[in-house]
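Q: I have a structure I would like to understand better, so I am pasting it below and will then ask my questions one at a time.
The values are calculated or read from the model by the stated rules, or taken from the named source; none is laboratory data. Computed from a predicted model, the values in this text were never measured in an experiment. Don't worry about glycine lacking a Cβ; one is built from the backbone with ideal geometry, like all the others, and counts go over all protein chains shown.
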Amino acid sequence: MNFIDCVYNNTFLKTIFPKGVTDLVFMAHIGLNPESEFSLNIHTKQKPSREVPKWGVWGVNYDTVVITMLGTGIDHIQISDWNKIGYSILRCESLNGKFRLETVGEDWAVAFTFKTLTFQQCRTYRS
């Protein structure tokens with residue numbers, strides 16, 4: 001399943017990515033706290049299907065969209081060689097009332113399960 005389908009409050013995301021985020025993504029930030037809450041930033045170089053005026057023009061003002069989310073119930077966290085992380089496919093699956101996100105590279109991997117993931121905002125930048 002596309003990871004946007006694992007996200008609450010995803011109306012805006014489905015507007016700019018109606019077929020989901022199908023390109024490679026970069027899981028650039030995971031913030032954890034002791035109450036099983038977390039923050040997550042996903043970067044994608046996938047061009048949105050429609051222009052967002054305040055972002056400017058794709059390829060001129062920006063070429064990367066950062067999707068910022070907050071989540072609850074994170075557990076079963078597996079991270080190997082975080083310092084080598086790069087762009088990869090992001091997989092999401094539903095498991096017994098929870099979701100599992102996983103992204104894997106040649107010599108690194110990140111995977112975890114969670115209860116909820118809620119969209120907060122998008123930012124953009126030009127790389």
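Q: Any chance you could count how many residues in region 75-100 are closer than 26 Å to I16 by Cβ and not in a strand (DSSP E or B)?
A: 4
Q: When you scan region 18-38, how many residues do you find that are surrounded by fewer than 15 Cβ atoms within 10 Å (Cβ to Cβ) and closer than 22 Å to G73 by Cβ?
A: Summing the residues that are surrounded by fewer than 15 Cβ atoms within 10 Å (Cβ to Cβ) and closer than 22 Å to G73 by Cβ in region 18-38 gives 8.
Q: So which of F112, F119 ends up being of a type in the set (F, W, Y), at pLDDT 95 or above, closer than 19 Å to L13 by Cβ and not in a loop (DSSP other than H, G, I, E, B)?
A: F119
Q: Here's a follow-up. Would you call W82 free of Cβ contacts under 8 Å to residues at least 60 places away in the same chain, within 23 Å of S127 (Cα to Cα), surrounded by 16 or more Cβ atoms within 10 Å (Cβ to Cβ) and over 14 Å from the mean Cα position of the chain (by Cα)?
A: Against the criterion (free of Cβ contacts under 8 Å to residues at least 60 places away in the same chain, within 23 Å of S127 (Cα to Cα), surrounded by 16 or more Cβ atoms within 10 Å (Cβ to Cβ) and over 14 Å from the mean Cα position of the chain (by Cα)), W82 does not qualify.
Q: Further, regarding this structure: Anything in region 92-126 that is of a type outside the set (A, V, I, L, M), in contact with a helix residue (DSSP H, G or I) (Cβ under 8 Å, 6 or more places away or on another chain) and in contact (Cβ under 8 Å) with a residue 40 or more places away in the chain? List them, or say none.
A: C92, S94, F99, F119, C122, T124
Q: Additional query: Regarding region 101-109, can at least one residue be identified that is surrounded by 13 or more Cβ atoms within 10 Å (Cβ to Cβ), β-branched (V, I, T), under 18 Å from the mean Cα position of the chain (by Cα) and part of a loop (DSSP other than H, G, I, E, B)?
A: No, there is no match, as no residue in region 101-109 is surrounded by 13 or more Cβ atoms within 10 Å (Cβ to Cβ), β-branched (V, I, T), under 18 Å from the mean Cα position of the chain (by Cα) and part of a loop (DSSP other than H, G, I, E, B).
Q: How many residues does region 26-63 contain that are out of contact with any helix residue (DSSP H, G or I) (no Cβ under 8 Å at 6 or more places or on another chain), under 21 Å from L101 (Cα atoms) and either in a strand (DSSP E or B) or modelled with pLDDT of 95 or more (or both)?
A: Within region 26-63, residues that are out of contact with any helix residue (DSSP H, G or I) (no Cβ under 8 Å at 6 or more places or on another chain), under 21 Å from L101 (Cα atoms) and either in a strand (DSSP E or B) or modelled with pLDDT of 95 or more (or both) number 16.
Q: Take the conditions touching a strand residue (DSSP E or B) at 6+ places or on another chain (Cβ under 6 Å), of a type in the set (K, R) and either loosely packed, with under 13 Cβ neighbours inside 10 Å or in contact (Cβ under 8 Å) with a residue 60 or more places away in the chain (or both) and apply them to K45. Does it pass?
A: Here the answer is yes, as K45 does meet what is asked.
Q: Considering T68, T15, which residue is outside any helix (DSSP H, G or I) and either at pLDDT 95 or above or surrounded by 13 or more Cβ atoms within 10 Å (Cβ to Cβ) (or both)?
A: Testing whether each residue is outside any helix (DSSP H, G or I) and either at pLDDT 95 or above or surrounded by 13 or more Cβ atoms within 10 Å (Cβ to Cβ) (or both) leaves just T68.
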